[in-house]
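Report on the following structure.
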Amino acid sequence: MLHESLIYDAIIYIYACSILLYFADFINRSRKVNRTAFWLLAVVWALQSVFFGISMMEKEYFPVLTLFETLFFYSWILVTMSLVINYFFRIDLLVFFTNVIGFSVLTINFFANQHASPMVAERLTSELLFIHVSIAFVSYGAFSLSFIFSLMYLVEDRMLKQKMWNKWLHRLPGLGLLDLYSYRLNMAGVPLLLLAIILGAIWAHLKVAGDFWIDPKVLMSIGVLIAYSLYLYQRVTYGWGGRKLSLWNVGAFMLVLINYLISGSVSSFHQWL
């Protein structure tokens, strides 16, 4: 089972990176980013195919009989179709959402495998929690850096308007670069947080009794995702930028702080944070 566990982890991490890059390409089209996401997805497909082949050799039948096998095969089909669509048609939005569904199905299937032994199931559940936490904190890191760039933007903008020409002004990057860096960090943080919420929901479904969706931490995390999604929406759709969007970004980061410092202390199952 060790080789299966390693393949599990590799598929989940690489799949998450591919979705992140597809999202970045959808928001800000880049052929290089799209090709990288495509090849990462191809690696996921190859690893799924290897896992499928190993399962076929061990069971000596076409493994689509149990719920675990059918869901895995369904995920493999989604990845295959995504590769074909991306290569021939370039429908970016369809590819992104198809892979969000495929990632969710694959993760649920891996970590909720009822046919695994109790020891293996417990290990996989622990790994799921680790992946959820690590991805969530990477997204928080991206939001934190984006917040700093927005603060720098607001400070520099104020100094320029008041004509405060000093050494600190010359040490700051230009307003355009600060705005761009903040935007790109949020563009990375949003899909990462989305994946973290999906993984956390799967873990909570397996380990937490009751309706975990009404937990303060969960609700605040969804609120943070919505706030930063609106940031990207306003930037891409309405062309927001500059001071207006920087103020929005500062406000969104305040939700991150509330989510981490306050809602975590009253959450029913996030007390370990």
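Worth a mention:
- Qualifying positions in the range 1-56 - within 24 Å of ALA136 (Cα to Cα), assigned to a helix (DSSP H, G or I) and at pLDDT below 80: SER5, LEU6, ILE7, TYR8, ASP9, PHE26, ILE27
- Test result for SER18, open to solvent by less than 40 Å² (accessible area, probe 1.4 Å), without any contact (Cβ under 8 Å) to a residue 40 or more places away in the chain and hydroxyl-bearing (Ser, Thr, Tyr): no
- Test: residue in the range 222-242 that is touching a Gly at 6+ places or on another chain (Cβ under 8 Å), without any contact (Cβ under 8 Å) to a residue 40 or more places away in the chain and in a helix (DSSP H, G or I): yes
- Screening LEU199 with (1) more than 17 Å from the chain's Cα centre (by Cα); (2) open to solvent by less than 60 Å² (accessible area, probe 1.4 Å) gives one miss only, at (1).
- Residue match in the range 85-102 (condition: exposed (fewer than 14 other Cβ atoms within 10 Å of the Cβ), over 20 Å from the mean Cα position of the chain (by Cα), modelled with pLDDT of 75 or more and not in a loop (DSSP other than H, G, I, E, B)): yes
- For VAL218, the conditions (1) aliphatic (A, V, I, L, M); (2) at pLDDT 90 or above; (3) open to solvent by less than 30 Å² (accessible area, probe 1.4 Å) are fulfilled apart from (2).
- Evaluation of VAL120 against (1) modelled with pLDDT under 85; (2) touching a Leu at 6+ places or on another chain (Cβ under 7 Å) (one fails), failing number: (2)
The values are calculated or read from the model by the stated rules, or taken from the named source; none is laboratory data. What you see is a predicted model, and the numbers here were worked out from it, not measured in a lab. Using ideal geometry, Cβ is built from the backbone for each residue, glycine included, and neighbour counts are taken over all protein chains shown. The protein model used for the area step is the full one, side chains on, heavy atoms only, and it has no ligands, DNA or RNA in it. Shrake-Rupley method; radii C 1.70, N 1.55, O 1.52, S 1.80 Å.
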